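One structure is given below, encoded as structure tokens.
What follows is calculated from the coordinates using simple rules that are stated; it is not laboratory data. Here the structure is a predicted model, which is why all the values come from computation and not from measurement. With ideal geometry, Cβ positions are generated from the backbone for all residues, glycine too; neighbour counts draw on all protein chains shown.
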Ligand code: ATP
Ligand code: MG
């Protein structure tokens, strides 16, 4: 099964961002019926580590690795990172263009958490993509169905955006199912931070 590790913003942060997205060109395009693939609000997340395909038999190892990572995080007496959404960027181009929102605040603490998670996965011999962690929340996948200058203008507008602050109090193991119109995510397990 396809797995990743994430933290999620709470409902009030998601709804604040939703209001902002609706004001952007990508939001207007979605409202007009363009297939710009806005991310469903309940799917918004920050990926800390992407494992990809893992055999079901190894799920228990994944869970124990993540439990240990959360334990070490708490033992380090770091308060759960206090974050807010603001700013943003564009990844990819043409058909792969996606728009994302940045995280601000205790981003260094989030980096530390991602390091702990990846370290535990590595020690357990589990797969993960070891590209440097770049915190981001994907908000839309307009691809080439929107003018690149409009996507860029949305990105610039996001510079002015500052969402409400929240504390990430849960580390989440997520399963992703591709193939449908949008990926389906499922929470498999959670650990307190
Ligand atoms: P789609 O692939 O249909 O665009 P998605 O990217 O949201 O949807 P997944 O590919 O299952 O769905 O990815 C789940 C999460 O892991 C997303 O946050 C995605 O950005 C991240 N992710 C996917 N592949 C990688 C990778 N190789 N390295 C790091 N993060 C990844
Ligand atoms: Mg993907």
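Quick look at the values:
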item	result
Virtual spin-label span in nm between residue 159 and residue 74, 7 Å along Cα→Cβ	4.2
Mean Cβ count within 10 Å, highest first, over the residues of peptides 45-54, 112-121, 24-33	112-121, 45-54, 24-33
Residue-averaged [θ]222 nm for the chain, counting only DSSP H segments that reach four residues, each worth -39500 (n - 2.57)	-10500 deg cm²/dmol
Efficiency of FRET from Cβ geometry, residue 91 and residue 190, R₀ 22 Å, rounded to 0.05	0.25
Degrees, to the nearest 10: 148-158 long Cα axis against longest axis of the chain	60
Label point at residue 119 placed 7 Å out along Cα→Cβ; residues across segment 66-91 whose backbone nitrogen lies under 13 Å	68-78
Cα-based shape type of segment 104-187, given that a ≥ b ≥ c are square roots of the gyration tensor eigenvalues and the cut on a/c is 1.5	oblate
Whether segment 48-193 is rounded, prolate or oblate, judged on the alpha carbon gyration tensor where a/c under 1.5 counts as rounded	oblate
Degrees, to the nearest 10: 107-123 long Cα axis against longest axis of the chain	50
Between helix 11-23 and the chain: long-axis angle, C-alpha atoms, 0 to 90°, nearest 10	30
Segment 15-103: translational diffusion in µm²/s, Stokes-Einstein, Kirkwood Rh over Cα pairs, 37 °C, 0.692 mPa s	200
